[in-house]
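The values are calculated or read from the model by the stated rules, or taken from the named source; none is laboratory data. For clarity, every value in this text was computed on a predicted model and none was experimentally measured. With ideal geometry, Cβ positions are generated from the backbone for all residues, glycine too; neighbour counts draw on all protein chains shown. Heads up: the accessible areas ignore ligands, DNA and RNA and are worked out on the full protein's heavy atoms, side chains in. Shrake-Rupley method; radii C 1.70, N 1.55, O 1.52, S 1.80 Å.
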Amino acid sequence: MASGKELACVYASLILHEESIDITAENISSLIKAAGVEIEGYWPGLFAKLLAKVPIENLISSVGAAPAPGSMAAGGGGASQAAAAGGPAEEEKEEKKEEPEEEEDEDMGFSLFD
């Protein structure tokens, strides 16, 4: 869960984006100081660097998106890394597709709703 300091940076970044103001460490710091929130000096810089690389629109639109299959693997994301490299995770998908479909339920001579 995000700390109050992280949330302050998130909200400041969203406000700057909404007002079409450049999302810089200085602008984030100014908004946070105006709100009366005290944070460590490195937080605004981290958020500014992130948002310089990844457009905030992408982050906003992917908030409710489900994680990629295998990204929560016990190996620290090893399955997702293997999938990106076209490795074993991709082979597992192919094996699953080749499995025969289960036979339909046969009539056992009685009905559930008799």
* Structure fact -> Checked the stretch 1-17 for anything farther than 18 Å from A52 by Cβ and not aliphatic (A, V, I, L, M); matches are S3, G4, K5, Y11
* To do: Could you please find all residues in the stretch 24-48 being of a type in the set (V, I, T) and either open to solvent by 40 Å² or more (accessible area, probe 1.4 Å) or under 19 Å from V63 (Cα atoms) (or both)?
  => T24, V37, I39
* Tally the residues that are assigned to a loop (DSSP other than H, G, I, E, B) and either at pLDDT 90 or above or of a type in the set (V, I, T) (or both), restricting the search to the stretch 1-24. => 6
* Asked: Regarding S61, is this residue surrounded by 13 or more Cβ atoms within 10 Å (Cβ to Cβ) and either polar (S, T, N, Q) or modelled with pLDDT of 90 or more (or both)?
  -> no
* Structure fact -> If you go through A8, A34, A12, the only one that is in contact with a Leu (Cβ under 6 Å, 6 or more places away or on another chain) and not basic (K, R) is A12
